[in-house]
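Please read the structure below before turning to the comments.
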There are 2 protein chains.
Amino acid sequence: MADTSPLISDIETAAARLKGHAERTPLLNAPLLDAEFGRRIFVKAECLQKTGSFKYRGARNAVAALSDAQRAAGVIAFSSGNHAQGVALAARELGATSVIIMPSDAPSLKIVNTRALGAEVVLYDRETEDRDEIGERLSAERGLSLIKPFDNPNVIAGQGTTGLEIAEQSRLAGIDGADVLICCGGGGLTSGIAIALAAKSPDLTPRPVEPEGFDDVTRSLATGTIQTNPRRSGSICDAIITPSPGHLTFPILAAHCGPGVVVSDDDALRAMAIAFTRLKIVLEPGGAVALAAALFHRADSRDVIAVASGGNVDAPLFRMALEKYA
Amino acid sequence: MADTSPLISDIETAAARLKGHAERTPLLNAPLLDAEFGRRIFVKAECLQKTGSFKYRGARNAVAALSDAQRAAGVIAFSSGNHAQGVALAARELGATSVIIMPSDAPSLKIVNTRALGAEVVLYDRETEDRDEIGERLSAERGLSLIKPFDNPNVIAGQGTTGLEIAEQSRLAGIDGADVLICCGGGGLTSGIAIALAAKSPDLTPRPVEPEGFDDVTRSLATGTIQTNPRRSGSICDAIITPSPGHLTFPILAAHCGPGVVVSDDDALRAMAIAFTRLKIVLEPGGAVALAAALFHRADSRDVIAVASGGNVDAPLFRMALEKYA
């Protein structure tokens, strides 16, 4: 696929490729949660996806879309977290080797997990080394295909399969017109879902959700041009901290999304505790911001759908969220 | 339905009644968990069912099976926990009033939740009052229908819909011959799944799992006659502590199940921590014993399916499990 916006047919192709491999995650609902917040709240539980986040969908589709020769040569990705594990697993399942370039200060569990999924992990020092230079050298030496985390049409199409499922599941649940709140970093998941909903459920409105201080997408949508965050770190929502929306994702977001929503880190912790009590799922902070927006940033009683994008959280942080808010 | 063992057709009727109401819970799998334990492990995540446990399935089917006149008169149940919430929600959804008789020392959250789901909660003192006498009096006065927790054919048929889903999902996952380990109290879930698998997937063998000291079903299967536990309390696995298998469930279990498996409370806590880390689901101790058996009580590398029956656990106990084992 050329470097252009994927079509709904590309998302349907991705769904066919993922069938029997990716989990069809449930659209959860808890009557007591609805009663407490005065509206029906549905949660698309992508924390239950293989490797603990939606990232496996896009990675599997992108690796499957390569030619046999490309897969034989192997793939490469940059990531300190969820994309790393998605690419590693997808590559292993499809018989490709994978190289993942990770910062040496990434959480050791994520490094261990990525290696356990069969990837060759190359660590670099954020202070003294240039990861792009390392990546380019390895790619050139070995002919590796780069799997970008969001600005890749096949990745977007893979993430968009989440939107196909939401369209079907919301019809079964009798949802008629609702905002679909989506945890948003670079916009791969949000833009994929946006394309799927525009084609299949135009009564559902995708809206990106971001943490305070990292609201580049919200500001980009409001101004119509790509905005950048002043800081690169400093939120517990590490999974969705990216400097700016992608050149491929932003036009899709601008064409289809309602206004962004911004929530605090504390909102995310409270949403994690409520997801534990009411939904019995484990969310990481970055995977909980959409639920936080559904719970704490709504003025009316209309149905709302929140996409819970991931659950790769360390136990001490999760225990802290429960201690504070459960 | 008369008080006899349900047939596969009764389970299919239940599935039609539950469609669009009960969650079709996923059969989860985590490649890193498989790698760590040397076998494929699949988890049927009934903690994601409405009200946080499988109990909603049987309750909804039993209330739906009543005549209009019976529903108009209302239903009654005895329970301190998951069955209470399942009956309360099913009754409310189907327009019936419900009375739930609960011990006054039941966890206050469970009393609060049951009331919030619309039930009239009648508390009794375990030391000085006879709950059966209270129940009989209320039933006679108001013409209420008693919904027993497991020795009721419609309840068993409702729980059996879990087995229909396992049969379909295991085929899609390419599982060919496996033990299906099931958290077992009175045997409603286990017997329902057993009937479904015997009809749909005879290569899958249901096996009950119980906590140490409360292994009445395991001993009943081994001896061929109904055995009773010496104690009535003293395990953290409160959801599956029942004195003995039911008169309706035991013959079904004896006809279809492989030997029982017994695990320790500590095994259950370890399984809760692993479910947090690898599967991103919240399990209560009684809902984790089947996963514990799949992880810690297997000698070979064959595929195994564990039914995770519920997730209604208080935050302090969950935090303790994480602190100890995550």
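The values are calculated or read from the model by the stated rules, or taken from the named source; none is laboratory data. Just so it is clear, the structure is predicted and the values come from calculations on it, not from any experiment. Glycine also receives a Cβ, built like all others from the backbone with ideal geometry; neighbour counts cover every protein chain displayed.
Which ones in segment A:270-315 are within 14 Å of chain B (Cβ to nearest Cβ), in contact with a helix residue (DSSP H, G or I) (Cβ under 6 Å, 6 or more places away or on another chain) and β-branched (Val, Ile, Thr)? Answer for segment A:270-315, where residues must be within 14 Å of chain B (Cβ to nearest Cβ), in contact with a helix residue (DSSP H, G or I) (Cβ under 6 Å, 6 or more places away or on another chain) and β-branched (Val, Ile, Thr): A:Ile281, A:Val282. Taking segment A:52-84 as the range and being of a type outside the set (A, V, I, L, M), in contact with a Ser or Thr (Cβ under 6 Å, 6 or more places away or on another chain) and at pLDDT below 95 as the test, only A:Asn82 passes. With within 23 Å of B:Gly185 (Cβ to Cβ), among the hydrophobic types (A, V, I, L, M, F, W, C), touching a Leu at 6+ places or on another chain (Cβ under 8 Å) and touching a residue at least 12 places away in the same chain (Cβ under 8 Å) as the only criterion, which of B:Phe54, B:Phe37 stands out? Only one candidate qualifies: B:Phe54. Screening segment A:125-153 for residues that are among the hydroxyl-bearing types (Ser, Thr, Tyr) and modelled with pLDDT under 90 and picking the one that is nearest to A:Ser80 (Cα to Cα) gives A:Thr128.
Report yes if A:Asp265 is within 14 Å of another protein chain (Cβ to nearest Cβ) and either surrounded by 24 or more Cβ atoms within 10 Å (Cβ to Cβ) or of a type in the set (D, E, K, R) (or both), otherwise no. Here the answer is no, as A:Asp265 does not meet what is asked. Criterion first (more than 18 Å from B:Gly258 (Cα to Cα), aliphatic (A, V, I, L, M) and in a loop (DSSP other than H, G, I, E, B)) does B:Ile226 satisfy it? So B:Ile226 does not fit the description; no. Of note, A:Leu189 does not satisfy the criterion of being at negative phi, assigned to a strand (DSSP E or B), of a type outside the set (Asp, Glu) and at pLDDT 95 or above.
Within segment A:10-46, the set of residues being within 12 Å of A:Glu165 (Cα to Cα) and in contact with a Gly (Cβ under 6 Å, 6 or more places away or on another chain) comprises A:Ile11 only. Evaluation of A:Arg219 against the conditions (1) charged (D, E, K, R); (2) surrounded by fewer than 18 Cβ atoms within 10 Å (Cβ to Cβ); (3) under 23 Å from A:Leu295 (Cα atoms) shows that the sole unmet condition is (2). For segment A:100-183, the helices (runs of 4 or more DSSP H) that sit wholly inside it and include 3 or more residues that are farther than 17 Å from A:Ala59 by Cβ and within 14 Å of another protein chain (Cβ to nearest Cβ) are A:108-116, A:153-172.
Here B:Pro208 meets each of (1) outside any helix (DSSP H, G or I); (2) surrounded by fewer than 24 Cβ atoms within 10 Å (Cβ to Cβ) with one exception, condition (2). Between residues in segment B:112-129 that are over 16 Å from B:Phe78 (Cα atoms) and residues that are surrounded by 14 or more Cβ atoms within 10 Å (Cβ to Cβ), which pairs lie under 6 Å by C-beta distance while being six or more apart or on different chains? If the second residue must be surrounded by 14 or more Cβ atoms within 10 Å (Cβ to Cβ), the pairs left are B:Ala116/A:Leu32.
Taking the conditions exactly as written (surrounded by 14 or more Cβ atoms within 10 Å (Cβ to Cβ), more than 21 Å from B:Ile8 (Cβ to Cβ), out of contact with any Pro (no Cβ under 8 Å at 6 or more places or on another chain) and among the β-branched types (Val, Ile, Thr)), does B:Ile166 satisfy them or not? Judged against the criteria, B:Ile166 is not a match.
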